[in-house]
Amino acid sequence: GRRVCAFFAESMLSCGGQVVLPAGYLRGVYAAVRAQGGICVADEVQVGFGRVGSHWWAFETQDVVPDIVTLGKPIGNGFPLAAVVVRAEVARSFDNGMGYFNTYGGNPVAAAVGQAVLRVVRDEGLLAKALSVGGALQAGFRAIGEAHAEIGDVRGMGLFVGAEIVKPVDFAERARAAGLRGDLAQAGAARAEAERLAGEGGSAD
């Protein structure tokens, strides 16, 4: 009988393995959450600010608009800075007579740093650079993977890139291991049958 409060998710899963969500995934989830009265929160700390190359925000690749967006480290480019962006109706819900304050909120130095970073991203065309450099990086990983089986799946968008390092499959070794397991199972079955016969007074030979 309890309703959904909120759905929190990165627009692409970073620490979860650099996973690009299937097309339309967030659109479906957001619709289901909102139908239950919940709000949708996009974590763009690692995947935002043009990192994916094609868009400023990774949630745009899913054709959705969150109710709340959390922003962090990249906006300060090393300076400690974070931000939260909300829909107007969400912001109005805080106008309930209870005062809100934040010790570091509105710090003019932090604000200046954030604005400077955003200008650089815009003016130096960093989205286009993320797209081209990221594409070259993925192509390089895939080329290495053709020569080295230790490179597994390569995935991502722009400079949001993941490359799996895997243990190559040695099919000959796997076949030998399977044969050994079969021999051990056969030996175990023979031993069990011998013990059963011995228990019944028969010969165990």
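Side notes on the structure shown:
- Every residue from the stretch 45-70 that is open to solvent by less than 20 Å² (accessible area, probe 1.4 Å) and of a type outside the set (Asp, Glu): VAL47, GLY48, GLY50, VAL52, GLY53, ALA58, GLN62, VAL64, PRO66, VAL69
- Here GLN138 does not qualify as assigned to a helix (DSSP H, G or I), open to solvent by 80 Å² or more (accessible area, probe 1.4 Å) and polar (S, T, N, Q).
- Screening ALA23, ALA6, ALA42, ALA35 for residues that are of a type in the set (Gly, Ala, Ser), within 20 Å of GLU89 (Cα to Cα) and open to solvent by 60 Å² or more (accessible area, probe 1.4 Å) leaves exactly one candidate, ALA35.
- Residue satisfying all of: in the stretch 83-100; under 26 Å from LYS73 (Cβ atoms) and under 32 Å from the mean Cα position of the chain (by Cα); most open to solvent (accessible area, probe 1.4 Å) among these: PHE94
- Any hit, the stretch 165-176, residues being modelled with pLDDT of 70 or more, under 30 Å from PHE49 (Cβ atoms) and in contact with an Asp or Glu (Cβ under 9 Å, 6 or more places away or on another chain): yes
The values are calculated or read from the model by the stated rules, or taken from the named source; none is laboratory data. The shown structure was predicted, so the numbers you read here are calculated from the model rather than taken from an experiment. For neighbour counting, all protein chains shown are included, and Cβ atoms are generated from backbone atoms with ideal geometry for every residue, glycine included. These accessible areas exclude ligands, DNA and RNA; they are computed on the full protein's heavy atoms, side chains included. Shrake-Rupley method; radii C 1.70, N 1.55, O 1.52, S 1.80 Å.
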